[in-house]
Amino acid sequence: MPGSRLGSVLLLAAISTAKYIVPGGRWHDTEGNLINAHAGGITVVDSKFWWFGEYKVEGQEEGGGVSVYSSEDLATWTSHGFALEAIEGHPYIAPNHIIQRPKVVYSEETGKYNMWWHADNSTYGWLLQGLATSDKIQGPYTFVSATSPLGNWSQDFGIFTDYKDGKSYSLYSNGDRREGRDVYLTSYNSTLTGLDKVIHRFDKYDLEAPTIIQTENSYYALMSHKTGYRPNNVVAFRADSLSGPWSQPFIVSPLNTRTYNSQSGFSLRISGTKKMTYLYIGDQWDSNSLWESRYIWLPIEIDDNKRSLSVQWHDVYDLDVKSGQVTPISGKTYYASDAQVSGNAFKQEANFASSNLIVTGIYGNDSTVSFSGVQGTGKPQWVSFYYQNTDDMGFGDQPGGTPDRIGGTWQLRRISWVRVNGGEKVESLYQRDTHKGIILSTPLLLNLKEGSENTITVGGLHNGFDVKGADLDRIVVYPPEK
Ligand SMILES: *[C@@H]1O[C@H](CO)[C@@H](O)[C@H](O)[C@H]1NC(C)=O
Ligand SMILES: *[C@@H]1O[C@H](CO)[C@@H](O)[C@H](O)[C@H]1NC(C)=O
Ligand SMILES: *[C@@H]1O[C@H](CO)[C@@H](O)[C@H](O)[C@H]1NC(C)=O
Ligand SMILES: *[C@@H]1O[C@H](CO)[C@@H](O)[C@H](O)[C@H]1NC(C)=O
């Protein structure tokens, strides 16, 4: 049964989670470095999670190789360096190539781990699938080939393994050309080193970034629209069987949140002792600085009777991978309507905001907003900033689109500075664009002193274009991790 060890996440080693999952936060590994594994996939081996993703740094946004991390709780991650390194001058995995959306599956038949990814040149002219193998899950992986799946094109890439029979499938969009614009679901042969046959084609929906979630009775295929690195409304299709018939696509999150500013890419089924939990593993891309992109992981609610699925937002939550339970953490809210403004910042009527008022005009160092009387514990605490940033001009799900007609350039995020108690330390808060009237949140880990005398001040930092901060509705201060 190929790949059966990896089919589902069962009876994981008991460790009670002390670390929260904070979508959109800066996630650090156990050595204190930022986790650098974009558009990733997670493989489960002997109760351990292995996260493979694209390594991106400033100046090497593509072709940087594949990094790998391991965890027992999905929150505490240990780096194992590169699973696949780019090789200067290599015909397929040189640093000037595209090495995207890596996924790893184990073949019982060969006893090897197979890494597959979208292999391309920098102008997306090849549209191939790369294969590298290793005897060990963490690698290093050795390049084997880069091929066209059954002779066709392949762009955004995913792998799905059916937990019932252990069979694995390749999922890929076939690019943006007119003859493409489909998503394929194709079975692997038993060594997981080649493809067998097309099981289904999602014909002409023009979607990408596919992943499949399996419940006891259904398969749900999630995909995003094609708006480059701008997020859009991810959709899902449902079917009883992988070969279909598949349902019409439907939107999986509140409209105009654009899937909480994220793109789909992977999902995980966690079969806990108390609950089955489905996890959405998405990317919050930052096209103005791709290496600053973050991860949006959220629980997915599925009701098979209603044939519905929705991705649920939580600022901060605890996921117990053993029981499968998700516990949202509650925090204390401080409203911008009660905050002090300085300079040209002011409170403006906004019927979609918490108190019908939102603070706008936050700019540079002189036009700021301060929340005072904030309760702290003396330990690092996550603070979520609820904001609106309308720079996008309200783009939709269509490919192309025109940039901000005021500035003429996509300004996909503003950056605010945040200071605690007037201190020297300046935290940078990245605030992705939103639709008008849509309030989303983004978190920072802050050090508040013990007691209720803390002041959190927010101003504007340079985002490459201007020093505007996003409009602020409220902040929520969460208790520290245990
Ligand atoms: C990528 O490959 C295509 C197809 O072979 C080719 O036309 C294009 O010039 C290549 N791009 C680069 C940057 O080499
Ligand atoms: C290859 O792509 C063409 C054009 O979309 C399609 O007609 C054909 O069925 C595909 N074949 C396979 C095996 O994917
Ligand atoms: C699977 O396909 C690959 C690539 O074509 C081939 O090398 C391998 O032998 C195949 N495995 C089986 C079991 O047919
Ligand atoms: C605001 O102050 C910071 C230092 O805290 C400085 O780096 C930055 O240039 C200032 N920005 C403006 C617009 O004056």
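The values are calculated or read from the model by the stated rules, or taken from the named source; none is laboratory data. All values reported here derive from a predicted model rather than from experimental measurement. When we count neighbours, we look across all protein chains shown, and the Cβ atoms used for this are built from the backbone with ideal geometry, even at glycine.
Would you mind listing the strands (runs of 3 or more DSSP E) fully within region 339-387 where at least 2 residues are among the β-branched types (Val, Ile, Thr) and surrounded by 22 or more Cβ atoms within 10 Å (Cβ to Cβ)?
357-360, 369-376
Of these, ASP162, ASP196, which one is away from ligand 4 (no atom under 16 Å from the Cβ) and in contact (Cβ under 8 Å) with a residue 12 or more places away in the chain?
ASP162
Going through ASP473, ASP404 one at a time, which residue ends up being away from ligand 1 (no atom under 16 Å from the Cβ), modelled with pLDDT of 90 or more, over 17 Å from SER262 (Cα atoms) and touching a helix residue (DSSP H, G or I) at 6+ places or on another chain (Cβ under 9 Å)?
ASP473
Quick one: which residue in VAL341, VAL311, VAL359, VAL369 is within 30 Å of PHE250 (Cα to Cα) and of a type outside the set (Lys, Arg)?
VAL311
Is it fair to say ASP135 is more than 25 Å from LYS306 (Cα to Cα), of a type in the set (Asp, Glu) and touching a residue at least 40 places away in the same chain (Cβ under 8 Å)?
For ASP135, the condition - more than 25 Å from LYS306 (Cα to Cα), of a type in the set (Asp, Glu) and touching a residue at least 40 places away in the same chain (Cβ under 8 Å) - is not met.
In region 104-150, what count of residues is obtained for those that are on the phi > 0 side of the Ramachandran plot and crowded, with 20+ Cβ neighbours inside 10 Å?
Residues flagged as on the phi > 0 side of the Ramachandran plot and crowded, with 20+ Cβ neighbours inside 10 Å within region 104-150 amount to 2.
If you check ASP304, ASP286, ASP315, which single one turns out to be surrounded by 21 or more Cβ atoms within 10 Å (Cβ to Cβ), farther than 18 Å from GLY158 by Cβ, among the acidic types (Asp, Glu) and not assigned by TED's automatic domain parsing to the domain that holds LEU440?
The conditions single out ASP315.
If we scan region 428-439, do we find a residue that is touching a residue at least 40 places away in the same chain (Cβ under 8 Å), of a type in the set (Phe, Trp, Tyr), surrounded by fewer than 22 Cβ atoms within 10 Å (Cβ to Cβ) and more than 16 Å from ligand 2 (Cβ to nearest atom)?
No: zero hits.
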